[in-house]
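Accompanying notes for the structure given below.
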Amino acid sequence: MTTPNSPATDGIAAAIAAHRATPGPLLPILHTIQDAMGYVPPEAIPMIAQALNLSRAEVHGVVTFYHHFRQHPGGRHTVRLCRAEACQARGSETLIAHARAELGCDFHGTTADGAISLEPVFCLGHCASGPAMMIDDEPHAAVTPARFDSLIQPLRANPTEE
């Protein structure tokens with residue numbers, strides 16, 4: 001839990017200030033907070049609600065509706081696996097099952113060592129060369145289970161390296 005005038009609270013306040021006058025400011029505020037902190041902390045909800053004259057339930061509803069927003073810290077790296085139809089036709093369900101088993105977590109979860117959060121995504125734009133995945137901001141196409149293993153191995157081998 002953060003305290004008033006903590007760095008986290010200051011960051012939330014800065015995100016609100018930066019987007020408060022923007023038409024439809026809620027999503028830009030949430031994105032700014034998540035980009036800066038890696039998740040939307042619980043103390044952000046009442047701060048945003050008060051600033052935008054919304055109920056806490058309205059803000060919480062948006063955070064929980066969109067899978068992009070995390071309510072708790074994620075792993076040091078984020079692996080997104082495409083779940084779109086084109087990737088499904090090219091074998092993504094096998095890749096997804098392998099990833100879940102290899103990482104020991106399901107979508108929206110994080111590995112026990114805190115290295116990797118696993119997230120679904122619905123199209124990375126590599127439809128002709130799926131199945132596709134993204135590691136942090138780097139896309140990868142034609143990912144097989146063996147290629148998945150080789151791509152994530154460095155993420156787990158260097159726990160202190162960003």
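The values are calculated or read from the model by the stated rules, or taken from the named source; none is laboratory data. Keep in mind that this is a model prediction, so the values were computed, not measured. Don't worry about glycine lacking a Cβ; one is built from the backbone with ideal geometry, like all the others, and counts go over all protein chains shown.
Here's a check for you: in segment 59-70, which residue that is touching a helix residue (DSSP H, G or I) at 6+ places or on another chain (Cβ under 9 Å) and surrounded by fewer than 15 Cβ atoms within 10 Å (Cβ to Cβ) is modelled with the highest pLDDT?
Tyr66
Taking the condition of being surrounded by fewer than 18 Cβ atoms within 10 Å (Cβ to Cβ) and β-branched (Val, Ile, Thr), how many residues in segment 85-106 meet it?
So the answer is 1.
Any idea which residue in segment 6-21 is surrounded by the fewest Cβ atoms within 10 Å (Cβ to Cβ), counting only those that are in a helix (DSSP H, G or I) and of a type in the set (A, V, I, L, M, F, W, C)?
Keep residues of segment 6-21 that are in a helix (DSSP H, G or I), which gives 7-19.
Among the residues that remain, those that are also of a type in the set (A, V, I, L, M, F, W, C) are: 8, 12-18.
Numbers: Ala8: 16, Ile12: 25, Ala13: 15, Ala14: 13, Ala15: 26, Ile16: 19, Ala17: 11, Ala18: 13.
The selected residue is Ala17.
Would you mind telling me which numbered condition in (1) buried (at least 17 other Cβ atoms within 10 Å of the Cβ); (2) basic (Lys, Arg); (3) over 16 Å from the mean Cα position of the chain (by Cα) Arg56 fails?
That leaves (1) as the condition not met.
Going through segment 68-92 one residue at a time, which ones are charged (D, E, K, R), under 20 Å from the mean Cα position of the chain (by Cα) and farther than 18 Å from Arg156 by Cβ?
First, pick out the residues of segment 68-92 that are charged (D, E, K, R): 70, 76, 80, 83, 85, 90.
When the remaining residues are screened for being under 20 Å from the mean Cα position of the chain (by Cα), the result is 70, 76, 80, 83.
The answer is Arg70, Arg83.
Does segment 113-127 hold any residues that are within 14 Å of Gly38 (Cα to Cα), of a type in the set (A, V, I, L, M) and more than 13 Å from the chain's Cα centre (by Cα), and which are they?
Of everything in segment 113-127, just one residue is within 14 Å of Gly38 (Cα to Cα), of a type in the set (A, V, I, L, M) and more than 13 Å from the chain's Cα centre (by Cα), namely Ala115.
From the list Gly109, Gly114, Gly125, which residue is free of Cβ contacts under 8 Å to residues at least 12 places away in the same chain and surrounded by fewer than 20 Cβ atoms within 10 Å (Cβ to Cβ)?
Working: Gly114 fails: free of Cβ contacts under 8 Å to residues at least 12 places away in the same chain; Gly125 fails: free of Cβ contacts under 8 Å to residues at least 12 places away in the same chain.
Only one candidate qualifies: Gly109.
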